[in-house]
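Have a look at the structure below before the remarks.
The values are calculated or read from the model by the stated rules, or taken from the named source; none is laboratory data. All values reported here derive from a predicted model rather than from experimental measurement. Every residue, glycine as well, gets a Cβ built from its backbone with ideal geometry; the counts of neighbours run over all protein chains shown.
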Amino acid sequence: MKLLVDSGATKADWIALDDEGNRLFTTQTLGLSPEVINKEEALERLEARFDIFNNRKDVTNLYFYRAGCGTDRMKNYMSNVFREFFPNADVSVKEDTYAAAYATNPTNEKAIVCILGTGSNCSYFDGKELIQKVQSLGYIAMDDCSGNRFGRELVRAYYFNKMPQHLSEKFAAEYNLEPDVIKHNLYKEPNPNAYLATFAKFLIQNKEDAFIKKIIVDQMQIFVDNYILQFDDAREIPVHFVGSIAFYLKSELAEVLTANGLKVGNILRRPIDGLIEYHELN
């Protein structure tokens, strides 16, 4: 049995496949974040799911993808957790950018692979390894065209009175925009980037509005300029995307990429959807 796991901060998606690639079961656990939870808590989260616990001795291969698992320390930490829980499994732990690369590009061709979700990222896949020219500095300094950046743009437009009245009234009706509430979530609560990203739903719902459309196109162009075009052969290979922002704004994304002479590749909402095909072929 193969287990494929795509873990975020809050939840992890699991898919079990038999030796022929048939889906045996799908499930979710709480997120497995090596920076946040200890070994005992990680094991408790695995034990809490009957389908995972009941099949733990039948797993022969486990493929785990998670942001923050690019360093040897984090890889070893999570590998040790899984080897204890799945005693007969060969364990592979990789950065979530590999999940995006494999899911959108199961035949391992050269491509540029981007993530546009709560945050953003862009890597060059040479067919075997991922290459990043720019190291991410997190949501404050970077994360162009991400959910949290779009949220920031909307909140700023609202408070600087740049948002048209019909939109500002609608925005205020859907969210609590009291200054104290916003400041508390940004400076007192964990994961302010995820908080800002909650506003992106409004942007997607109103994407046909001219004011919103300009925000979308401007951010996409910034992402193209800063991330995609850093690679010399960007216009010669496909550009793939994973993430809810890319998925729900795929038509706008295609327009911007085409205008820049770039090849639109596959656009998936979640990597787990494409990982099945990859692990059937590899």
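Within region 75-90, can you find the residues that are in a helix (DSSP H, G or I) and either of a type in the set (G, A, S) or not assigned by TED's automatic domain parsing to the domain that holds N55 (or both)?
Of the residues in region 75-90, the ones in a helix (DSSP H, G or I) are 75-85.
The answer is S79, and nothing else.
Do we find a residue being at negative phi, within 18 Å of the chain's Cα centre (by Cα) and either of a type in the set (D, E) or outside any helix (DSSP H, G or I) (or both) anywhere in region 200-216?
Within region 200-216, none of the residues are at negative phi, within 18 Å of the chain's Cα centre (by Cα) and either of a type in the set (D, E) or outside any helix (DSSP H, G or I) (or both).
Limited to region 1-32, what total is found for residues that are farther than 19 Å from A103 by Cα, among the hydroxyl-bearing types (S, T, Y) and over 16 Å from the mean Cα position of the chain (by Cα)?
1
Considering each residue of region 222-232, count those that are without any contact (Cβ under 8 Å) to a residue 60 or more places away in the chain and either closer than 20 Å to A100 by Cβ or crowded, with 16+ Cβ neighbours inside 10 Å (or both), and give that number. Spell out how you get there, then give the answer.
Step one: of region 222-232, the residues without any contact (Cβ under 8 Å) to a residue 60 or more places away in the chain are 224-225, 229, 232.
Filter once more, keeping what is either closer than 20 Å to A100 by Cβ or crowded, with 16+ Cβ neighbours inside 10 Å (or both): 224, 229.
Result for region 222-232: 2.
So how many residues does region 53-87 have that are over 23 Å from N282 (Cα atoms) and among the β-branched types (V, I, T)?
2
Residues in region 196-209: is at least one surrounded by 18 or more Cβ atoms within 10 Å (Cβ to Cβ), small (G, A, S) and out of contact with any strand residue (DSSP E or B) (no Cβ under 7 Å at 6 or more places or on another chain)?
Yes, the conditions are met somewhere in region 196-209.
So which of R235, R270 ends up being part of a loop (DSSP other than H, G, I, E, B) and in contact (Cβ under 8 Å) with a residue 40 or more places away in the chain?
Values: R235 fails: in contact (Cβ under 8 Å) with a residue 40 or more places away in the chain.
Exactly one residue qualifies, and that residue is R270.
Among the residues of region 145-168, are any within 21 Å of A101 (Cβ to Cβ) and of a type in the set (A, V, I, L, M, F, W, C)?
Scanning region 145-168 turns up at least one residue that is within 21 Å of A101 (Cβ to Cβ) and of a type in the set (A, V, I, L, M, F, W, C).
Considering every residue within region 245-265, establish whether at least one is within 20 Å of A111 (Cβ to Cβ), touching a Ser or Thr at 6+ places or on another chain (Cβ under 9 Å), in the same structural domain as T118 (by TED's automatic domain parsing) and in a strand (DSSP E or B).
yes
Considering each of I204, I182, I215, I237 in turn, give the residue that is modelled with pLDDT of 95 or more, hydrophobic (A, V, I, L, M, F, W, C) and in contact with a Lys or Arg (Cβ under 6 Å, 6 or more places away or on another chain). Show your work before the answer.
Details: I204 fails: in contact with a Lys or Arg (Cβ under 6 Å, 6 or more places away or on another chain); I182 fails: in contact with a Lys or Arg (Cβ under 6 Å, 6 or more places away or on another chain); I215 fails: in contact with a Lys or Arg (Cβ under 6 Å, 6 or more places away or on another chain).
Of I204, I182, I215, I237, the one residue that is modelled with pLDDT of 95 or more, hydrophobic (A, V, I, L, M, F, W, C) and in contact with a Lys or Arg (Cβ under 6 Å, 6 or more places away or on another chain) is I237.
For L275, work out the one condition from (1) out of contact with any Gly (no Cβ under 6 Å at 6 or more places or on another chain); (2) buried (at least 16 other Cβ atoms within 10 Å of the Cβ); (3) modelled with pLDDT under 95; (4) within 20 Å of S146 (Cβ to Cβ) it doesn't fulfil.
Every listed condition holds for L275 apart from (4).
Identify all residues within region 159-194 that are of a type in the set (S, T, Y) and in a helix (DSSP H, G or I); write none if there are none.
Step one: filter region 159-194 for residues of a type in the set (S, T, Y), giving 159, 168, 175, 187.
Once the filter is applied, which keeps residues that are of a type in the set (S, T, Y) and in a helix (DSSP H, G or I), region 159-194 yields Y159, S168, Y187.
With the requirement that a residue be under 19 Å from S79 (Cβ atoms) and among the β-branched types (V, I, T), what does region 1-57 give you?
V5, T29, V36, I37, I52
Select, from I112, I140, I52, the only residue that is part of a strand (DSSP E or B) and closer than 30 Å to A246 by Cβ.
On the way: I140 fails: part of a strand (DSSP E or B); I52 fails: part of a strand (DSSP E or B).
Only one candidate qualifies: I112.
All but one of (1) within 16 Å of the chain's Cα centre (by Cα); (2) part of a loop (DSSP other than H, G, I, E, B); (3) touching a residue at least 40 places away in the same chain (Cβ under 8 Å) hold for A100; which doesn't?
Condition (2) is where A100 drops out.
Inspect region 169-178 for any residue being small (G, A, S), in the same structural domain as K214 (by TED's automatic domain parsing) and within 30 Å of E236 (Cα to Cα) and give the result as yes or no. Please lay out each step first, then the result.
Just the residues of region 169-178 that are small (G, A, S), to begin with: 172-173.
Retained after the next criterion (residues that are in the same structural domain as K214 (by TED's automatic domain parsing)): 172-173.
The next check asks that each one be within 30 Å of E236 (Cα to Cα); those that pass are none.
Scanning region 169-178, I find no residue that is small (G, A, S), in the same structural domain as K214 (by TED's automatic domain parsing) and within 30 Å of E236 (Cα to Cα), so the answer is no.
Could you please tell me which pairs satisfy a Cβ distance under 7 Å, a separation of 6+ or placement on different chains, a first residue in region 182-195 that is in the same structural domain as G117 (by TED's automatic domain parsing) and farther than 15 Å from G147 by Cα, and a second residue that is part of a loop (DSSP other than H, G, I, E, B) and modelled with pLDDT under 90?
That search, which allows pairs on different chains as well, returns nothing.
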